[in-house]
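To start, the structure under review is shown below, and the notes come after it.
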């Protein structure tokens, strides 16, 4: 093999090794050592290139014998292989260094985040020995217990002096030694000034390999405001309960009184009415027209009073009656009431529309009273129409069954709707329509006893619709 070829190969190998060395400068950042190696290789390659160029031009004085050039080529190849073999090691080292740098950066960021949370959270954080010595406490806990600095708090022993007598620490130790952790234990701690702070505490026991407790770590949330609010709520609840009992007692007494008075008035009214009839029968010829009118007014007033007393007794019975709930066919109840109304005034022309299969879980007797009042009112307030229409039905509103009784009668002004269900309050003059003003109050009480609500919509001269719900 010609020595010139060997020299050419040697030059190529040395250039390649120099390029590897320069690349290592880039990837390792250690430029001094690799730059020196690259420079030596490049200078050697240039020197050999000059000899090679002179040999090509005919001057072979700078070319050694074949054996020497083969040795030189071998050395160049070994240098290239050495640089190539070192390169992966440096790449791996750089990767590990980069990963270590990133890990250290993440660790610093994590520590900074933990420190920020530790110092700025409103939740108290602590670490104590099993016997109560405070090893660590964040600013929130220091402030919660009424101190300015951790060093002040560290002088205190929580187990010995940190808790109210009603919240013994033995319960904490019992639970944490048994379960290794506690979640949401409520207790009362003492502040520096002797006041009490109520807390909700969660903690865990840190143990060594042999199971011995090293220390406790936990969180503490100040729930003093919540506790105070609960106590205030209990106090107000007790007062409201007492007031409710008093109100129920007064209502029972009032109902009993109303019932007794109404019941006791019936006999005197019967006597008044009887004597008025006797006066007309026995002494009617002696009375002039004015006297007879007085007696007739007396009789009429006694009849009205008797009806009023009967309505009051009904209202009292509604309040006193026990509810007996069952599934009731309201359509059938309405039809029975309609039949009675028709029989009372057979000459009236009234179209009734009663929806089919309207049912409700309610007290049948009380609901019969309520429908009788509502349908009776519709019958009464359509009495001046030559032809009238009354409807009973049900519709669904926002997922609830809403029952209604509608008519096309006299109606009323909604500005007086707040008086509709007040006993003895009427929206029409007695001369227009008879009544005692008890009926709708009775209906409202029945509906409320069933847990429902009643309201009305109307316009003067365009009829009225009464809606009610049942629980």
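The values are calculated or read from the model by the stated rules, or taken from the named source; none is laboratory data. Since the structure is predicted, the reported quantities are computational estimates derived from the model, not experimental observations. We place every Cβ from the backbone using ideal geometry, glycine too, and count neighbours over all the protein chains shown.
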**Study point:** Criterion: surrounded by 16 or more Cβ atoms within 10 Å (Cβ to Cβ), out of contact with any helix residue (DSSP H, G or I) (no Cβ under 8 Å at 6 or more places or on another chain) and within 16 Å of residue 454 (Cβ to Cβ) - qualifying residue of 360, 378
**Key:** 378
Check your understanding: Quick one: in the range 421-436, which of the residues that are buried (at least 17 other Cβ atoms within 10 Å of the Cβ) and closer than 15 Å to residue 376 by Cα is modelled with the highest pLDDT?
Key -> 436
Practice item. Please tell me if residue 204 is under 22 Å from the mean Cα position of the chain (by Cα), surrounded by 14 or more Cβ atoms within 10 Å (Cβ to Cβ) and farther than 17 Å from residue 146 by Cβ. Key: no
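For every residue, the table says whether it meets (1) within 20 Å of residue 147 (Cβ to Cβ); (2) loosely packed, with under 15 Cβ neighbours inside 10 Å; (3) modelled with pLDDT under 85.
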| position | (1), (2), (3) |
| --- | --- |
| 190 | yes, no, yes |
| 219 | yes, no, no |
| 232 | no, yes, no |
| 244 | no, yes, yes |
| 256 | no, yes, yes |
